[in-house]
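Scroll down for the structure; my scribbles are underneath it.
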């Protein structure tokens, strides 16, 4: 009788551990469409140059979406996306519904600030520093640029890896204006 109880307990533990492992590893490789977006607090660089702590999911009142772009200042496609993000940000219809936030995964704050100062005319949207790569880890970023669109419920509704062309710009507009 004691052996049956012990075997039942062991079997229960094995099944529980197996199911838990499957659930934990099912999404270990990346954040995908349908996942809950992580609300990591980062240093947000204001247009004035001041730095404030802010959630990467913060958006102005009335905005429905947030577009997150993970980038590195040494990444050619990331730098190439700057004018495209600027176009999206300057589009009245899009800017009325979406907050754009660039997240630098670079670890050298001085180099990032120099980059930002040199490119300020192309970056008039939110820009956050992920010096400790907390957001990068939370979103499981493996390559830059990686773009997410998060809805008002905090759910990822769009994901794109790489630079933008007109087709991708059109996809992003379609998601944000539906």
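Values in this text are rule-based calculations from the coordinates and carry no lab data. For clarity, every value in this text was computed on a predicted model and none was experimentally measured. Backbone-built Cβ (ideal geometry, glycine too); neighbour counts: all protein chains shown.
Each of 65, 164 has some number of other Cβ atoms within 10 Å of its Cβ, and from fewest to most they run 65, 164.
Each residue in 79, 33, 112, 150 was given a count of other beta-carbon atoms within 10 angstrom of its own, and listing them fewest first yields 33, 79, 112, 150. Exposure proxy shown here: for 134, 152, 99, the number of other Cβ atoms within 10 Å sets the order, fewest to most, as 152, 134, 99. Summarised in one figure, the compactness ratio Rg/Rh of the range 31-176, Cα atoms and Kirkwood Rh, is 0.92.
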